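Inspection log for the structure reproduced underneath, given as structure tokens.
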Protein chains: 2
Amino acid sequence: MKHSLFSGGKRFRAVLVVESAKVFGGRAEDVLPTACAVEYIHTYSLIHDDLPAIDNDDLRRGVSTCHVAFGEDIAILAGDALYSEAFRLISTLQKANDPQSIIQVIRELATASGVSGMVGGQVVDIQSEGKTVDEETLRFIHEKKTGELIKASVRSGAILACASNRELEVLTDYATNLGLAFQITDDVLDIVGDTAILGKTAGSDARRGKVTYPAVFGLKKSEEMAKIMVDRAKDALKRLNRNTDTLADLADFVYERRF
Amino acid sequence: MKHSLFSGGKRFRAVLVVESAKVFGGRAEDVLPTACAVEYIHTYSLIHDDLPAIDNDDLRRGVSTCHVAFGEDIAILAGDALYSEAFRLISTLQKANDPQSIIQVIRELATASGVSGMVGGQVVDIQSEGKTVDEETLRFIHEKKTGELIKASVRSGAILACASNRELEVLTDYATNLGLAFQITDDVLDIVGDTAILGKTAGSDARRGKVTYPAVFGLKKSEEMAKIMVDRAKDALKRLNRNTDTLADLADFVYERRF
């Protein structure tokens, strides 16, 4: 658990929880249990995705994947344990004015990581390997596999900071575009990126016949699509009468990142 | 998910949630989301335990294990998804007079299934295979791997039905003894049981060099120990000024069961 959790990573989803809360007057320290929980869930998903039976990856965040370091049995269980710790953390340490908002955060994260989110996307991704898929399926995989947890991270921070339903809708629009842009950039980086900077083996999508935006639309068109989604994400923020500069910067980061 | 969830099983943990709630005036229909969630968690743990990298079992509840039926990748993800559905179910459908009790139930189940519960026990179990362990380690494995979720099931039903802290303590005493008796009986049934009735392959513990009560104490002593724990569980119930007949019957069932 420690090996995978503390080997680095951008902490992008945790930052989203914190920055989203700040937009509505929340403080970082008030949402840290949920921010950490989101990183636990993300790390658990990476450990399981990297397993020999799934993506069979050796390198992650610049170090050996969990199963290479500790064996497949321990890696499965380390992932399982990180996932349970996420819910333990929120249900034990997360405070809120209204306990219903804690239950709502748990619902957001359980849904985003489950069969109608991350796992669902991963299953369709596996079943699509080596096949030609239409744009709708490709978008489904990316939205579920990556987008839902990014959306839940943004929403959870806002929920804990008592954002209104209308504000949550705007943030959902922001996060949906952000999540899709994030995964398209991931696809692009798998082609143009550097293994040493990425911390994971570049070129592995193509080797496995994964369905990706560059595979369907080409590299240039994919980069343009990511840019359009980043702009849409930033446009959505303008509908909030709040200081959303950092959320806008994070959208730019998604497009400009090299890892 | 459906294959493993609906292939049968005793639904012992779900029954514990319901019957424990009933002791304090709760109705079955009021705690069904949590009762189902506990079965989801139990089934998820069976799917992952049965994986080739862990116990490598082919048969469960009288049908092929999930990975035999659908492949290792889908089995890992089916387990993951059942686990997430458990928390989604509680956070979406479980109602309570006090929302804090829903958060407490999530905390109980996340803790019982995580690194300080089920997963922790499973790791020590794996690391102890083929070794000689002392009674303390054996008890640790059984309490964590099996006992904690049984305890959390009993407690969750009672929490949702607004049991007092003193009543919860008594139930915890009942459930601790019940859980240990349950796992000792499981060890015994692996030796004396019938594969057709068990629904899983008898004799697999010995084949894998698993640490079990019969391996350490012999069959007869193990059965006596299970009986003592069942009696202790029933004795604990007498400290409640409530109708606990069904919980007492469930303790007898644990000792008398043949599957």
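Here, each number is a calculation from the coordinates, and none is a lab measurement. Quantities reported herein were computed from a predicted structural model and do not represent experimental measurements. Heads up, the Cβs are rebuilt from the backbone with ideal geometry, glycines too, and the neighbour counts pull from every protein chain shown.
Could you work out the relative contact order of the range B:2-245, using alpha carbon pairs under 8 angstrom and six or more residues apart, expressed as a whole percent? For the range B:2-245, the relative contact order is 22 percent. Each of A:ARG11 and A:ASN241 was given a label point 7 Å from its Cα along the Cα-to-Cβ line. The distance between the two points is 3.4 nm. Residues A:LYS10, A:LYS210, B:LYS200, ranked from the fewest to the most other C-beta atoms within 10 Å, line up as A:LYS10, A:LYS210, B:LYS200.
Separation of the alpha carbons by more than 23 angstrom is noted, of A:LYS10/A:LYS227; A:LYS2/B:LYS145; A:LYS144/B:LYS2; A:LYS151/B:LYS144, for A:LYS151/B:LYS144. Over the range A:54-129, all Cα pairs binned in 5 Å intervals from 0 give whole-percent P(r) values of 3, 12, 16, 18, 19, 15, 9, 5, 2, 0, listed from short to long. One Cα centroid belongs to the range B:60-83, the other to the range A:1-42; the line between them spans 31 Å. Placing a label point 7 Å from the Cα of B:ARG139 along the Cα-to-Cβ line, no residue of the range B:239-253 has its backbone N under 12 Å from it. Overall shape of the range B:2-245 was characterised from the C-alpha gyration tensor. The equivalent ellipsoid obtained from it has semi-axes of 28, 23, 15 Å, in decreasing order.
Across all Cα atoms of the protein assembly as shown, the radius of gyration (one decimal) and Dmax (whole number) stand at 23.9, 74 Å. A cut-off of 5 Å between modelled amide H atoms, ignoring neighbours fewer than 5 places along the same chain, links A:ARG60 with A:THR65. Between B:ASN165 and A:LYS220, what's the calculated FRET efficiency when r is the beta-carbon distance and R0 is 56 Å? Round to 0.05. Once rounded, the FRET efficiency stands at 0.30.
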